[in-house]
Amino acid sequence: MTSQELTEQIFKKKSFLCVGLDTDLERIPTYLLSEKDPVFSFNKAIIDATHEYCVAYKPNIAFYEALGVDGWKSLKKTINYLHSEYPDLYTIADAKRGDIGNTSRMYAKAFFEDLGFDSVTVAPYMGKDSVEPFLEFTNKHTILLALTSNEGAFDFQTLKTGDDDLYKKVIKTSKDWQNSENLMYVVGATKAEYLADIRKIIPENFLLVPGVGAQGGSLEEVCKYGITKNVGLLVNSSRKIIYASDSSNFAEIAAAKAEAIQNQMAQELEKL
Ligand SMILES: O=C(O)c1cc(=O)[nH]c(=O)n1[C@@H]1O[C@H](COP(=O)(O)O)[C@@H](O)[C@H]1O
């Protein structure tokens, strides 16, 4: 899906919500554990209930990898289900990959070709030749970690390198990489006020903003500093939506949570 198509979906659905599928066998309703593929059953129920309130889904790959072969099968079933039932929804593989060039190319093939995700999250630490293999894929986005939502973001990302904080240097440098038009960036909702400066460097790019909900970030603040006339935001919430209830009507409750966020987003879009 292109950025323009994603923007069209955002205006059509009045939502820039991304639902995070961080599916954990220890947190899903226990009655699902007797199903053949509890992870897929849970994801399917969440997707069927929430799809009208969001524009994207982001499975966090760690939750699937932790289950070995079974986890990869559940992931594949989930992405196939999204492609067949809801092809207008944007998909993010939250894998935070990045390695020497030929290895990155294999990661890119895994997520873009084999699984068919629209985008993948990538760590910038290994630099240009570790990211460019992802950027070669047309109509696919590489979502580069810029300023993350966690406390550890202050360990390295905000260190001064010359005149700039490291995360700003990452963003500025990445703009010169081959096919940089395929870049999006991660900026944590917990650091919303930094978005004002970030928007001066990248006024147009889409930002994936995790950290509202369970991590305490504020949607209002994110919009105040980060929204553009084309929106340019995908705001993720995982646990606050998918684990809102562990009873038999968990999907319904998740949908209500997603709808409440979507309503807030619709109000923000009204202001544009
Ligand atoms: O790349 C990410 O999505 C990500 C980056 C970041 O800075 N912070 C962050 O929380 N995430 C991911 O976003 C999701 C947040 O989940 P909740 O805190 O449950 O909404 C998790 O899958 C995290 O791995």
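Could you grab me the full set of residues in segment 125-156 that are in a helix (DSSP H, G or I) and either more than 14 Å from the ligand (Cβ to nearest atom) or buried (at least 18 other Cβ atoms within 10 Å of the Cβ) (or both)? Write out each step before concluding.
Residues of segment 125-156 in a helix (DSSP H, G or I): 128-135, 153-156.
128, 129, 130, 131, 132, 133, 134, 135, 153 - these are the residues of segment 125-156 that are in a helix (DSSP H, G or I) and either more than 14 Å from the ligand (Cβ to nearest atom) or buried (at least 18 other Cβ atoms within 10 Å of the Cβ) (or both).
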Please tell me if residue 216 is closer than 23 Å to residue 57 by Cα and among the small types (Gly, Ala, Ser). yes
Does any residue in segment 1-27 that is within 16 Å of residue 51 (Cα to Cα) and in a helix (DSSP H, G or I) come within less than 9 Å, Cβ to Cβ, of a residue that is of a type in the set (A, V, I, L, M, F, W, C) and open to solvent by 30 Å² or more (accessible area, probe 1.4 Å) six or more places away or on a different chain, and which pairs are these? 9/1
For segment 157-170, name all the residues that are touching a helix residue (DSSP H, G or I) at 6+ places or on another chain (Cβ under 8 Å), within 29 Å of residue 213 (Cα to Cα) and away from the ligand (no atom under 14 Å from the Cβ). 159, 166, 168
Qualifying residues in segment 224-239 (those that are closer than 26 Å to residue 23 by Cβ and more than 6 Å from the ligand (Cβ to nearest atom)) - the one surrounded by the most Cβ atoms within 10 Å (Cβ to Cβ): 235
What are the residues in segment 53-107 that are more than 26 Å from residue 35 (Cα to Cα), out of contact with any Lys or Arg (no Cβ under 8 Å at 6 or more places or on another chain) and β-branched (Val, Ile, Thr), if any? 100, 103
Which ones in segment 191-223 are of a type in the set (D, E, K, R), open to solvent by less than 20 Å² (accessible area, probe 1.4 Å) and under 21 Å from residue 271 (Cα atoms)? none
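Among the residues of segment 93-124, how many are away from the ligand (no atom under 16 Å from the Cβ) and either aliphatic (A, V, I, L, M) or open to solvent by 70 Å² or more (accessible area, probe 1.4 Å) (or both)?
So in segment 93-124, the residues away from the ligand (no atom under 16 Å from the Cβ) come out as 99-106, 108-110, 112-116.
Then keep just the ones that are either aliphatic (A, V, I, L, M) or open to solvent by 70 Å² or more (accessible area, probe 1.4 Å) (or both); that gives 100, 102, 105-106, 108-110, 113-115.
Going through segment 93-124 one residue at a time, the tally reaches 10.
The values are calculated or read from the model by the stated rules, or taken from the named source; none is laboratory data. A quick note: this is a predicted structure, and the numbers were derived from the prediction, not measured. Note: ideal-geometry Cβ built from the backbone for every residue, glycine included; neighbour counts use all protein chains shown. For the accessible areas, the whole protein counts, side chains as well, though only heavy atoms, and no ligand, DNA or RNA atoms are used. Shrake-Rupley method; radii C 1.70, N 1.55, O 1.52, S 1.80 Å.
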